[in-house]
1. DSSP loop GluC sites (Glu not before Pro) in the range 207-262 with at most 16 other Cβ atoms within 10 Å of their Cβ, which ones?
2. Starting with the fewest neighbours, write out Arg466, Arg134 ranked by other beta-carbon atoms found within 10 Å of each beta-carbon.
3. Would you mind ranking Trp54, Trp247, Trp483 by Cβ crowding within 10 Å, fewest neighbours first?
4. Decide, for the range 19-329, between rounded, prolate and oblate: order the square roots of the alpha carbon gyration tensor eigenvalues as a ≥ b ≥ c, take rounded if a/c falls under 1.5, and otherwise choose prolate if a/b is larger than b/c, else oblate.
5. Per residue of the range 410-423, in order, report the coupling 6.51 cos²θ - 1.76 cosθ + 1.60 (Karplus, θ = phi - 60°) as ³J(HN,Hα) in whole Hz, putting x for Gly and Pro.
6. Taking amide hydrogens as modeled 1.01 Å from N in the peptide plane, which residues meet the under 5 Å criterion relative to Thr299, leaving out close sequence neighbours?
7. Specify the inter-centroid distance of the range 550-566 and the range 424-456, based on alpha-carbon positions, in whole Å.
8. Consider all pairwise Cα distances in the range 107-199 and report the whole-number % of them above 17 Å.
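We did not get these values from a lab; they are worked out from the coordinates using the rules stated. Note that this is a predicted model, so its numbers are computed, not measured. Cβ coordinates were reconstructed from backbone atoms using ideal geometry, including for glycine residues, and neighbour counts include every protein chain displayed.
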Amino acid sequence: MTEQKPGNSLVESLTAFARQHNVQHWSGTFKEFIEQIIPQAPQRHSRLSHEYIWDMLRWYAQKQGDGEKKSVTALFARELFGIDGALTRVTEYFKAASAGSDVGRRLLLLLGPPSGGKSTLVILLKQGLEEYSRTDEGALYAIAGCPVNESPLHLIPHTLRAQVRETYGVEIQGELCPFCRVRLETEFGGDFMQFPVRRIFISEAARSGVGTYAPHDPSTADIADLVGSVNLSKVAEIGDEGDPRAWSWSGALYSASRGLLEMIEILKVKREFLYVLLTLTQEKNVKVSRFPLIYLDETIVAHTNLAEFHKFLQEKENEALLDRMVIVKIPYTLSYLDEARIYGKLVSAAKTFRDVHLDPHALKVAAVFAILTRLKKSARDDLDMSKKVRLYAGEDVDGFPEAEVERVRAEHPDEGLSGASPRFVINALSNAITRSETSSLTSMEVLLALKDAIESDARMDAHQKRQWMDYLVVTRKDFYNRWVKEDVHKALFTSFEEEAQQLLDKYLDEVEASLDRREVIDPITGESRPPDERFLRSVEEKIKISDSGKESFRQEVVRKAMVAYKAGQKFTLDSHSRLHDAIEQYLFEERRDVLRLVTSAARPDEEAQKKISAVQERLVKHYGYDEHSAKEAMNYVTTLLSQE
């Protein structure tokens, strides 16, 4: 059997792509287009840009679904985490616009803090369009040689469009551009049936179906960057500045035709630029001197930051412009689990982190800190910031059922529009790695790196620095201390999971008996006895369940256990996060003396040293640590125990 070389599969994939690309190409006359292409799917070939993007989003969801129904936000799922509400509002914009509503005459403005995902969202839309245009479902055809890649259907005179509607059930929108109108008369003598048509592919690199505009210095910005200008070399050749063939069709608006135009920091552009864009969105026309109106079909997605937006709001004359925008806020995520996923994505793509080991909680502690900076204090006395962080991450918090989360969010709708950005955190981690002598970063080193970043940040005033420093302390005390103690505890007692499950089963038996007002059979003596209330309370007190609240907590546990039983599943520690915490803390308390004995000896004897080494090995093998971070975790837990 011949062994396949490592690069063979890649070469095969590249060859297949190139072959498929050649097969996809089509060109012919307009007559052939009408005879061969249109009858296959008339609706598909008459779509406008909003409808095309909406179809792309649905196609991508179906492709990712693999038989299951996926959300139309699936395109964004691989890069954007924890902002599902904002992504849903973006897809709702395209859905409404594709249906022909007035929303399609509005510019989509993404508003949010820096490094929040606005640019990434637009990049994903562009990539989705490029991929979709290479499929049969997303096939796009244009007049060959047209500078705006307009639809071949524009060649059909208005007097015949009603017949097209009757024959194929499609409405033709748009006018032939001035360039193609001149060509039709000069090259084809008005015979539009002979006009060449070809299949096109959306490509930002080829300036086909995607345009991008970034603002310049307002004093030097030129509207020609959007709408083009006279091409003097062509004027010399043609002899008429008013001839469309003497115009430079290089503006971003023309590149984006049939697809998407990204306007970066749109509110920094000159007012005349805004009026051009908003008129285009409203009327699908652009007016250029010397030419009649130029019809352009494209979707404009713009983004800006909050500072520019608030400045824009203060100017009265901007009210009319605001009316022509659909504004979607893109906040930072408020779930530390999703925030940690963002860091994981950024870290995996950065060369700096390629050979660096991060302990299992390093990204989570950074994420908890970042979320704390984005939250606002609740008016409720029973909801501190740590509880709020856990609540937003989907964890069980005493006194806050799932239905309560939305009410908590409603207290401060603007949460997530300020605070530490992912870029701030990643920069701090990068600096820590650069300074580190080991290729390993622990959670405590992450917190110290963030402390250094706060102290050296010239943008913050003294009050904000103190507040963010306090958040580092909260992160360590309320989150990291618990996580690292659990890891060391589990590594020390190899049968931990089994013992914890046994303890959970015992708790469940005792609770059921207590609620049913019946006795239990003691598994050791075989005798009947009352439920062990002392045991139940000793578990519940670990998570601060009050005596008055114990009944409702126990009923909730039993209810969840019944749901699991009816679903044919075993009720485990993962089935109830708060009970999980209680059981772990109960076991930890029971073993505290053993743990302290093993970890606290300044000069451990041979037996103790063996146990320490075994714990460190298990931390490395089973819990995601390396040798450096395992040793640091043991030392840190030793310090914690000595303080208790």
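1. Counting only loop positions with at most 16 other Cβ atoms within 10 Å, the GluC sites (Glu not before Pro) in the range 207-262 are Glu241.
2. Arg466, Arg134
3. Sorted ascending by nearby Cβ count, the order is Trp483, Trp54, Trp247.
4. oblate
5. Each residue's phi maps through the Karplus curve to give 5, 4, 9, x, 8, 4, x, 9, 8, x, 5, 8, x, 5 Hz.
6. Gly259, Leu260, Leu261
7. 43 Å
8. Values: 2765 of 4278 pairs.
Percentage above 17 Å: 65.
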